[in-house]
Amino acid sequence: MVNEADKRDLIDPERLRRTLELLAGCHGAARLGALLDRRTFTLTDSHLERRFLPLVRAVGLPRPETGVWLNGYKVDFFWRDLGLVVETDGLRYHRTPAQQARDRLRDQTHAAAGLTPLRFTRAQVRFDPRHVRATLAAVAHRLAG
């Protein structure tokens, strides 16, 4: 719900977190504060991105940065220490030839900057999580040296 409210510009999670510190002791403040804690809360833009995060945890990777700008593009997931960029592609923004061409340009731009771009489709995340976990683990292992 917090992700959805943020996506609709109804709240700012960081501002909400700071406000909760002022409301310590009020009913529900501690519980919401724990949810928004930087160690547990990861802002995502879509249900697909939220579905991807448990696969990340299952592989044992640290929590990625989300929604950061790299090389002129906002990326879904970024592991700075590994130089790994992961995009999760739902059909809404990645189905047309023009959208797919932009995706390739993004990947090429990241690769030219020394990063490793990796993409997973909605179908892979939803119906083939074993493949997603195996691929993510193998690439992360290779990048970690």
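Considering region 51-90, and only residues there that are among the basic types (Lys, Arg) and part of a helix (DSSP H, G or I), the residue that is farthest from THR135 (Cα to Cα) turns out to be ARG51. When residues of region 15-32 are filtered for being assigned to a loop (DSSP other than H, G, I, E, B) and either surrounded by 11 or more Cβ atoms within 10 Å (Cβ to Cβ) or in contact with a Cys (Cβ under 7 Å, 6 or more places away or on another chain) (or both), how many remain? Within region 15-32, residues that are assigned to a loop (DSSP other than H, G, I, E, B) and either surrounded by 11 or more Cβ atoms within 10 Å (Cβ to Cβ) or in contact with a Cys (Cβ under 7 Å, 6 or more places away or on another chain) (or both) number 1. Buried (at least 17 other Cβ atoms within 10 Å of the Cβ) and free of Cβ contacts under 8 Å to residues at least 40 places away in the same chain, is that true of VAL85? Yes; evaluated as a whole, the condition is true for this residue. Looking across region 1-51 at every residue that is among the hydrophobic types (A, V, I, L, M, F, W, C) and touching a strand residue (DSSP E or B) at 6+ places or on another chain (Cβ under 8 Å), the one that is modelled with the lowest pLDDT is identified as LEU43. Criterion applied to VAL85, VAL59, VAL125, VAL139 was being at negative phi and in contact with a His (Cβ under 8 Å, 6 or more places away or on another chain), and the one residue passing it is VAL85. Within region 68-106, the set of residues being over 22 Å from ARG51 (Cα atoms) and charged (D, E, K, R) comprises ASP81, ARG102, ARG104, ARG106.
The values are calculated or read from the model by the stated rules, or taken from the named source; none is laboratory data. Being a predicted model, the structure only gives us computed values, none of them experimental. Quick reminder, even Gly has a Cβ in these numbers, built from the backbone with ideal geometry, and neighbours come from all protein chains shown.
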